[in-house]
Structures are given as C-alpha cells and as structure tokens.
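Below is one structure, written out as structure tokens; comments come after it.
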Amino acid sequence: MSTKSDTAKVRQHNLGLVYQVIDHHQPLSRTELSRLSGLSTASITKISRELLDARVIRECGELHSLRGRHPILLELDSRHFRYLAMRLGRGYVAMASFDLKGRCLRKERYTLLSREKESLTRELFSHLETFTQKYRDRLLAMAVSLPGRVDDEQGWVHHFPFYDIHDWPLKQLLEQTFSIPCFVSSSIHPWIMAERAWGAAQKSQNALLILIQEDIGAGVILDGQLVNSRQSRIGSLNHLPTADGQLPCYCGHQGCARTEVTTSALERSYLELTGDRLSAREICELALAEEGKARELLITLGHELGALLATLVIFFNPQTLLFSGELLAAASILFPLFRQEISARVPREYFEHLSIEATCFYEDPTRPTAILVQEALFDGFLLSRVTQPC
C-alpha cells in the first residue's frame, strides 16, 4: 500500500518530467506531451492543469490540423516567476535574474568591501534587497556559487578563500531572510553541469574542467554523467601535492596545489619578485605584452600546472580538458605548456585526441549558477511547492 510520502514523490517526479519535456520541446500539444513523457493522457491533463493554475505554463495557440479539434499548444510561462543566480568572488558579487525560459532579464555586479563574516553577510544581503525589490513577490528560488569548500546539501560554506571565512551557514541565512528555496554550491559543480548542458562539453562523454581561482577545483564528466559527492569534496584539488612545492599550506603540509598554482600564488610570487601588487589578470596581460618577469612566472606556473594536469589526464582519460579562471587571459601561453607537459608524462593514447579548450562561461559566471535552479525545476522540487494537487 502506497503512503502519502510515496504519492508525493511520484507527483513531484511527474511534475518535473512534464516541465522538462515542455522546456525541451515547446510549444507542444498535450498529446505530444503524453507521448514524449510516457505518462497517460489523464495524468497529462491533471498535471498540465496544476501547472497552468500556478502560472508555470500557458496555452499559446493551436496546432492546425485537417480534421477534428485543433490541439492546444503549451509552453513555459515566462511572464510571472523569476529566479536569481549569484556568483560570489574575490571582492564582488555578480547577480542575474532569469525567467522560466532561462532568459537573463537583468545583470548587476556589486563590489564587496567587507572581509569579515557578519559584515559581509550584511553587505551581500543589502545588495540582494536592492536587486530584487521590484519582483520580490515573484521570486521562485535563489542560487549561489562560490569558490571554496561547500557542503551543497546543507548549504554550509566550510571555507571561503580570500575572505578566509569559515563555517558560514549561507543557505540557512538566505532562506530565513527571503523565505524561498536557496541553493549554495562550490563553483566547480554547476560550472561543469552548465558546460555539459550548454557549453564546450556538450559533445564530450568524458570531460574534465579545471577552475583556478584562489583555490583550484575539478569538475568531471564520465560516460556522460557528472561525478559528484554529497559534500562536493571530490572537486577540490587544493591539497594535491605539486612536484617541487615548498610553501606551507593551512592544512599543515607543504607544496599543496592551492599554494603553488592558483591565482593567489601567482600574485604572491609577482609581489615578492617586483614589489608590485597586481591581480592575476593584470599579470597575464603583462606576460602577453612580453614583460619579462610576468612571463617568466607564468611559464613556471604553466609547467607546474601542466605536470599536475598530466596526473589527472591519466586518471580520468578525458576527451576534453576545459580550463577556466583569471589565468584564461593567458591561454595562448599556458595551453601549449599544458600540452607539452602532458605529452611528456603520459602515454600517447591518452593525449593524442585530447582537446584543451577554454570554458564558455567565464565572462558570464551567473549562467552556470542558474543551472542549480533549473535542476530543481526538472526534478519537480520547486514545482511541488508552487502547485496545488487537482
């Protein structure tokens, strides 16, 4: 005998399935929706009524036929609900609002001046209030991605580099303030999901994404499936040992990737060498302009990072190696060094068909974050909250 819990799970699954089919094939008739989803006509009639009443979908015309009644077409209703995607980075937060068709309606980038947990929370929430004030009552959900170590399930930020913030209950704070579902994730997982869905990894069954910021992470697609874990630690390469690294890490060891081959490592090395405090992007631009010290540091980092990548290529054997982060500005210098190190360290069959590419979304960091909300729509979680059973 089925329980209320079982019935609720089936309903949530079916809502998500119907929504996903409409998203992929809109506009379409109820008959087509039944065929593509595998659900009965009666189930489609019931679910489509719930979604229509909730203003998630709408009727958008008729399919002309030679005989009989003209089937009514359905599509997602982009006029009512909005969702928000945020990317927290070093000294900034990027925000974007989207409609249910995934169209970006507005973008803003705000400077974050605070470095301490409580004051950063107040500053971030102030920007959120400003950004959402015109559609707060139509806000369906919110998603945040950030570098560091994050428990995706609990939305608990264990470590946020640059700010050096620890144990930040960001999901709980957001949901208490805005009274909507919120999703918090480390940057790497939504990024590789977005590249798989919309970007450079669409045609690759096996892809490896390397994201270098103040820390270093990897997103992995194997046989078309995202390799994931409940606490997202599978994506962290921060404490992978480098060949010649000697610098101490906060973990108590020396030579961790986080201290040797990240943007902060490059910036620290340039400061020690020249006395000038520049961002990683500025150092990359100097290297491209043939400034000797910047180019020398970048080449050294490229060799060290290439050696680390060679180990990952052997382990995962990807078809596509994607690279993202501020260092992407110097891809013309780094990519040949990566290939040189990989080819020198791994058997030929591992790299002869390996493609090394830039990610699609580095200049649009909110787009990968938005996929967290899309996934919650596709699995029916958000839809079960805004619909009422018929």
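The values are calculated or read from the model by the stated rules, or taken from the named source; none is laboratory data. None of the values given here were measured: they were computed from a predicted structure. Here Cβ is always computed from backbone atoms with ideal geometry, including for glycine, and neighbour counts include all displayed protein chains.
Looking at Leu383, Leu328, Leu301, Leu297, can you tell me which residue is of a type outside the set (D, E, K, R), part of a helix (DSSP H, G or I), touching a Ser or Thr at 6+ places or on another chain (Cβ under 6 Å) and at negative phi? Quick ask: steps written out before the conclusion?
On the way: Leu383 fails: touching a Ser or Thr at 6+ places or on another chain (Cβ under 6 Å); Leu328 fails: touching a Ser or Thr at 6+ places or on another chain (Cβ under 6 Å); Leu301 fails: touching a Ser or Thr at 6+ places or on another chain (Cβ under 6 Å).
Every option except Leu297 fails the conditions.
Here is a check on your reading of the model: is Lys203 part of a helix (DSSP H, G or I) and within 25 Å of Asp364 (Cβ to Cβ)? Break it down stepwise before answering.
Numbers: part of a helix (DSSP H, G or I): no; within 25 Å of Asp364 (Cβ to Cβ): yes.
No; evaluated as a whole, the condition is false for this residue.
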Report, by residue number, each residue of the stretch 210-240 that is exposed (fewer than 15 other Cβ atoms within 10 Å of the Cβ), small (Gly, Ala, Ser) and modelled with pLDDT of 80 or more. Gly224
For the stretch 341-349, state whether one or more residues are out of contact with any Phe, Trp or Tyr (no Cβ under 8 Å at 6 or more places or on another chain) and not in a helix (DSSP H, G or I). yes
For residues that are touching a strand residue (DSSP E or B) at 6+ places or on another chain (Cβ under 7 Å) and part of a loop (DSSP other than H, G, I, E, B), scanning just the stretch 358-380, find the one that is surrounded by the fewest Cβ atoms within 10 Å (Cβ to Cβ). Tyr362
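Is at least one residue of the stretch 19-32 loosely packed, with under 13 Cβ neighbours inside 10 Å and under 21 Å from the mean Cα position of the chain (by Cα)? Explain how you work it out, then say what you get.
From the stretch 19-32, those loosely packed, with under 13 Cβ neighbours inside 10 Å are 24, 31; that's our starting set.
From what is left, the residues that are under 21 Å from the mean Cα position of the chain (by Cα) are 24.
Looking through the stretch 19-32, at least one residue is loosely packed, with under 13 Cβ neighbours inside 10 Å and under 21 Å from the mean Cα position of the chain (by Cα).
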Taking the stretch 167-191, which residues are outside any helix (DSSP H, G or I) and under 13 Å from Leu146 (Cα atoms)? Trp168, Phe183, Val184, Ser185, Ser186, Ser187
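Suppose the filter is under 30 Å from Ser279 (Cα atoms), buried (at least 17 other Cβ atoms within 10 Å of the Cβ) and not charged (D, E, K, R); does Ser355 pass it?
no
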